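The values are calculated or read from the model by the stated rules, or taken from the named source; none is laboratory data. All values derive from a computational prediction rather than experimental measurement. A quick note on method: Cβ atoms are made from the backbone with ideal geometry, for glycine too, and the neighbour counts reach across all protein chains shown.
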Amino acid sequence: MEDFTDRIIDVIGPSRVPERAPIDWEEVEEKVGTELPRDYKRLLSEYYRVVWGDFCLVNPRVGTPEHSNPLEATQDLEEILRDLYEDDEDDQEELNDLTNRAGEPLTLVSPPLTFYPSVPGLMRWGGDGNGWDYFWVVDGPPDTWPVVARTEAGEWWDEHAMSMSEYLYRMHTQGRLCRSCPQVYEDPAVFKETGS
């Protein structure tokens with residue numbers, strides 16, 4: 001998969017926080033239990049924080065608002081989903097309904113829904129202001145992990161056989177990529193690196 005980090009940097013420009021502490025990726029990856037994709041590490045190393053349009057990347061940089069690593073973010077979401085859908089068999093069936101808006105099953109992920117550290121499993125790398133969650137399908141070398149998106153209420157999923165950086169770049173320069181998501185970006189060019 002192609003790394004679009006240079007293209008993203010060209011669009012959003014240089015960091016506005018030059019005196020940021022570095023991220024200890026070796027420590028982060030040790031906590032997560034696997035190597036992470038290079039585009040994710042590079043983008044978060046380049047900027048203090050990445051909030052672009054409605055997207056916000058899970059950020060392991062200590063001191064950033066709501067800092068977390070992708071494993072912690074995945075475990076937090078998994079716990080919420082399991083609590084919401086644990087009551088009965090119908091709830092479990094709904095949780096494992098991995099289909100897009102057209103009702104077609106996903107091809108990159110298959111039921112039952114599994115999260116990393118299970119492999120293959122989903123690892124959360126970001127979210128947006130509309131309650132969507134964005135994941136990698138952890139299976140194989142990190143730079144080949146495709147993107148899967150989930151609506152806030154989990155009614156639909158969508159999948160993209162592309163890197164996280166390509167997904168972000170195309171979403172912000174070409175518009176909607178997910179068949180299941182509405183056009184939600186009033187001003188997708190707005191990039192925020194700090195909490196403001």
Residue set 84, 95, 57; condition over 20 Å from residue 125 (Cβ atoms), touching a residue at least 12 places away in the same chain (Cβ under 8 Å) and of a type outside the set (D, E, K, R); output residue 95
State which residue pairs qualify: first residue at positive phi and inside the range 27-48, second residue in a loop (DSSP other than H, G, I, E, B) and exposed (fewer than 15 other Cβ atoms within 10 Å of the Cβ) in any location, beta carbons under 7 Å apart, and separation of 6 or more residues or different chains.
33/117
Determine if the range 67-80 includes at least one residue that is β-branched (Val, Ile, Thr), closer than 22 Å to residue 128 by Cα and at pLDDT 90 or above.
yes
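Within the range 99-131, count every residue that is in a strand (DSSP E or B) and over 12 Å from the mean Cα position of the chain (by Cα).
Quick first cut of the range 99-131, residues in a strand (DSSP E or B) only: 99, 105, 115, 121-128.
This time we only want the ones that are over 12 Å from the mean Cα position of the chain (by Cα), so: 99, 105, 115, 121.
The qualifying residues number 4.
A quick yes/no check of all residues on (1) under 26 Å from residue 173 (Cα atoms); (2) within 17 Å of the chain's Cα centre (by Cα); (3) loosely packed, with under 15 Cβ neighbours inside 10 Å; (4) not charged (D, E, K, R):
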position: 9; (1), (2), (3), (4): yes, no, no, yes
position: 18; (1), (2), (3), (4): yes, no, yes, yes
position: 26; (1), (2), (3), (4): no, no, yes, no
position: 31; (1), (2), (3), (4): no, no, yes, no
position: 41; (1), (2), (3), (4): yes, yes, no, no
position: 44; (1), (2), (3), (4): yes, yes, no, yes
position: 68; (1), (2), (3), (4): no, yes, no, yes
Sort out for me the strands (runs of 3 or more DSSP E) sitting completely within the range 132-196 that have 1 or more residues that are modelled with pLDDT under 90 and more than 12 Å from the chain's Cα centre (by Cα).
157-160
Residues that are surrounded by fewer than 17 Cβ atoms within 10 Å (Cβ to Cβ) and under 24 Å from residue 25 (Cα atoms): does the range 95-117 have at least one?
yes
Before we move on, is residue 10 among the charged types (D, E, K, R), more than 24 Å from residue 114 (Cα to Cα) and assigned to a helix (DSSP H, G or I)?
yes
